[in-house]
Amino acid sequence: MNDPTAPDDGPLLARLAAMLNDAEEPPAEVMELARQSFTLRRLDAELAALVEDSYGPAASVRSVAVRGSAREPRQLTFQIVDEQGRDELIIAVQVESVGRRRRLTGHLAPQGPAYIEVRQPAAPKARGVDADRRGLFVIDDVLPGPMSLTCRRADGPAVATQWTLL
């Protein structure tokens, strides 16, 4: 239905189309990260937010030096809370550089066994490890770059961390 009082969006849409025609293609890594983000949605996983990063608030948008950083190891804490604001799950991870790769040493609160999976756009498929009954896990040989962890426990839905740059 045409509403005679509605503004004409034609000129605005034409300007937007002209801007997009001149835009460059996004880098392949950005496209893969976008695809990975949609994969998370299909998992029906709850999202755990990054609530603490020892490298500060800008760490997720800047690259981290591979060698020589006096601030290593890096500490990351992801958290999901219930409707009452209580901690439902905390995933704490220490990130260490091992040559050009990363080692993730983590623990879960509350403690308990789980399956932890790391996903990265640069890796062909996700890799997983079992967390022990104390919620401890280690993932070696992680590539630098964007990553997301997914925690699967027998007594609840999957929880995925937001994408974080290592």
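The values are calculated or read from the model by the stated rules, or taken from the named source; none is laboratory data. Treat the numbers as computed from the prediction; the structure is a model and nothing was measured. Cβ placement follows ideal geometry from the backbone for every residue including glycine, while neighbour counts extend to all protein chains displayed. Side chains are part of the model used for accessible areas, which takes the heavy atoms of the whole protein and leaves out ligands, DNA and RNA. Shrake-Rupley method; radii C 1.70, N 1.55, O 1.52, S 1.80 Å.
The simple Förster model, with R0 at 35 Å and r as the Cβ-Cβ distance, assigns ASP130 and GLU25 a FRET efficiency of 0.30. Excluding ligands, DNA and RNA, what is the solvent-accessible area per residue of region 113-165 at a probe of 1.4 Å, expressed in Å²? It amounts to 46 Å² per residue over region 113-165.
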